[in-house]
Amino acid sequence: MDTRSPRRVEHQQTDKGYVPVYTTAVVEQPWDDYDATDHQTWATLFERQMAILPGRACREHLDALDGLRMSADRIPRFTDINRLLEAETGWTLVAVEGLLPELTFFEHLANRRFPVTWWIRKPEQIDYIAEPDLFHDLFGHVPLLFNPVFADYMQAYGRGGVKAHGLGEEALANLTRLYWYTVEFGLIRSAEGLRIYGAGIVSSKGESIHCLESAAPNRIGFDLERIMRTRYRIDSYQKTYFVIDDFEQLFAATRPDFTPIYARVAALPAIPAGTVLDTDTVFNRGTGEGWAEGGDV
């Protein structure tokens, strides 16, 4: 662990646009350094999401949030969460300074360590921040690590990432799309209808509403190779969401060797976000029932 004072590592905005900046350091959470503005930012985000997620987020996420005993009062301490998390599923949180290189990120996941950015966004970044901050990581990702099946899926994903790293850029792009459309922006069927489980949605007020209540996006049944071919954007609401039946379906998707899957996908064209194929099952928001539908949207 790096013992120097942790840095706040964010992207750079240049005349060529957004440039990500990466760091590999694992640091101590400098909890005593959070000021009143940091705690107020946490409170604003926490209260806003807790007001809109009931009836939208999956029961597993909401139950875990209750068990974590997070509140709007203050930014949680990672050490407090680790005592609960390690006992439940063997995962621990590690504090990081910002975006990690792909291989470093995969290695953490493969060893049941989840990287959490130690710093929280600034007040002017309340509605959008380009990279994951403490609120996104802690509120969005960590609760589902208490679910044993999802926790195992995340470790399997990390192991798959380590392997994909040696297979080239196309394999990494395919695997990144899987993470994007499941861990970050996934929807799940429930008895009450479609619900959110992706961290990029549950940590965003706008996306939490858009993904379920807007007529604009497509909600398509989970298909591993379809996901690996589907492009996405990081700077707008999603045009496509993929829907799983349950977390076991997600974990089962990681069991096969992806090497031949990467080869098949490489021979096919990428699919623009927002496209519906005639083989897709499209889901109704309210009931979670699906039907076949074709054409471009």
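Each reported figure results from applying straightforward, stated rules to the coordinates on display, with no laboratory input. Everything quoted here is computed from the prediction, not taken from an experiment. Positions of Cβ are backbone-derived with ideal geometry, glycine not excepted, and every protein chain shown enters the neighbour counts.
Please get the size of the charge dipole for the chain, origin at its Cα centre, with Cβ charges of +1 on Lys and Arg and -1 on Asp and Glu, quoted in debye to the nearest 20. Before the final figure, lay out each step's value.
On the way: 30 positive and 43 negative charges, 50 e Å.
That gives the chain a dipole magnitude of about 240 debye.
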- Average Cα contact separation per residue, region 149-271, under 8 Å, 6 or more apart, as relative contact order %: 31 percent
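What size of dipole, in debye to the nearest 20, comes out for region 149-297 about its Cα centre when the only charges are +1 on Lys and Arg C-beta atoms and -1 on Asp and Glu C-beta atoms?
Working: 15 positive and 19 negative charges, 63 e Å.
In total the dipole reaches around 300 debye.
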- Taking 0.36 nm per intervening residue step and subtracting the Cα-Cα distance, what contour gain separates residue 192 from residue 66 on full extension? 43.4 nm
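Given just the C-alpha atoms of the chain, how large is their convex hull per residue in cubic angstrom?
Working: hull volume 40.6 nm³, N = 297.
Output value, Cα hull per residue: 137 Å³.
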- Item | Potential extension, residue 31-residue 277 segment - 0.36 nm per residue separation minus Cα distance | 83.7 nm
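Using packing as a proxy for protection, rank 247-259, 154-166 so that the peptide with the highest average count of other Cβ atoms within 10 Å comes first.
Working: 247-259: 15.8, 154-166: 18.8.
Highest mean packing first, the order is 154-166, 247-259.
What ranking of 232, 197 emerges when the number of other C-beta atoms within 10 Å of each C-beta is taken as an exposure proxy, fewest first? Walk me through the numbers before you get to the answer.
Details: 232 18, 197 26.
With the fewest neighbours first, 232, 197 line up as 232, 197.
Normalising by the residue count of the chain, find the relative contact order in percent from Cα pairs under 8 Å and 6+ residues apart. Before the final figure, lay out each step's value.
Working: 512 pairs, mean separation 48.6, N = 297.
Taking the mean separation of contacting Cα pairs over the length of the chain, I get 16 percent.
Working out 0.36 nm times the residue gap between residue 48 and residue 18, then minus their Cα-Cα distance, what length gain in nm do you get to one decimal?
On the way: separation 30, 0.36 × 30 = 10.80 nm, distance 2.79 nm.
Working it through step by step, the gained length comes to 8.0 nm.
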- Query: Taking the Cα-to-Cβ direction at residue 261 and at residue 213 and moving 7 Å from each Cα, how far apart do the two end points lie in nm?
  - Reply: 3.4 nm
- Task: For the chain, set up a Gaussian network in which alpha carbons nearer than 10 Å are linked by springs, and say which option among 207, 184, 169 fluctuates the most.
- Result: 169
- Query: What is the fewest-to-most order of 167, 45 by other Cβ atoms lying within 10 Å of their Cβ?
  - Reply: 167, 45
- What's the center-to-center distance, using Cα atoms, between region 148-165 and region 231-268 in Å? 13 Å
- Message: Connecting C-alpha atoms closer than 10 Å in a GNM of the chain, tell me which of 170, 124, 88 has the biggest fluctuation.
- Response: 124
- Query: Counting pairs on different chains as well as pairs 8 or more places apart, how many Lys pairs in region 12-292 have Cα atoms under 26 Å apart?
  - Reply: 4
- State, as an integer percentage, the relative contact order of region 38-163 based on alpha-carbon contacts under 8 Å between residues 6 or more apart. 30 percent
- Task: With a 10 Å radius around each residue's Cβ, average the other Cβ atoms per peptide and rank 7-13, 59-65, highest first.
- Result: 59-65, 7-13
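If you rank 33, 223 by fewest surrounding Cβ atoms within 10 Å, what's the result? Please report the intermediate quantities before stating the final value.
Details: 33 11, 223 16.
Listing 33, 223 from fewest to most nearby Cβ atoms yields 33, 223.
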